[in-house]
Amino acid sequence: MKEVKFIDRDSQEDSLVIVVDTIGFGFNILVAIGKDKFADDWADWDFENQDNYLASIDSKVWACFEFGEYKNLNQPSDLIGKSICVHDGEPMYPKDEITKIEAIYKVKDYFPYDELIEEEA
């Protein structure tokens, strides 16, 4: 699996898995929504339908968000010092604090579900 480099929000086409380290939880996964099939499927997903690839991914990540959705959250490095519960902003508890960005991958590479792989065919 090949790591990717985040350039900027405007050129972020692919949804990204961001592997982070936290004070109290160790390594965890966030997903930065892009402009791809995963993003479209995520936006249309009925959360009551738990029998699909989206539910599987949702059970493995702390949060999905978009860069620019929250003030001062425009690139991966902006996550450092913030809560693993991205929607909270500042950490409510010390153990929630993100301390490091470990790696960045495309969602379709990190989670190679047929629904995402077929998009390239």
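The values are calculated or read from the model by the stated rules, or taken from the named source; none is laboratory data. Note that this is a predicted model, so its numbers are computed, not measured. For neighbour counting, all protein chains shown are included, and Cβ atoms are generated from backbone atoms with ideal geometry for every residue, glycine included. SASA here: full protein model, heavy atoms, side chains in, ligands and nucleic acids out. Shrake-Rupley method; radii C 1.70, N 1.55, O 1.52, S 1.80 Å.
If exposed means no more than 16 neighbouring beta carbons inside 10 Å and the site is in a DSSP loop, what's the longest run of the chain without any exposed trypsin sites (Lys or Arg not before Pro)? Spell out each step's value before the answer.
Numbers: sites that count: Lys2, Lys5, Lys35, Lys60, Lys71.
So the longest stretch without any such site is 72-121.
Here the Gaussian network model covers the chain, with springs between Cα atoms less than 10 Å apart; of Ile29, Ile57, Ile104, Ile57 fluctuates the most.
Each peptide in 42-48, 16-22 was scored by the mean count of other Cβ atoms within 10 Å over its residues; highest first, the order is 16-22, 42-48. Here the dipole of region 14-121 is about 620 debye; that uses its Cα centre as origin and unit charges on the Cβ of Lys and Arg (positive) and Asp and Glu (negative). With protein chains left intact and a 1.4 Å probe, residues in the chain average 57 Å² of accessible area per residue.
Rounded to the nearest 500, the helix-only mean residue ellipticity at 222 nm of the chain stands at -4000 deg cm²/dmol, with each DSSP H run of n ≥ 4 adding -39,500 (n - 2.57).
For the chain, a Kirkwood hydrodynamic radius built from all Cα pairs, placed in the Stokes-Einstein relation at 10 °C and 1.306 mPa s, yields a translational diffusion coefficient of 108 µm²/s.
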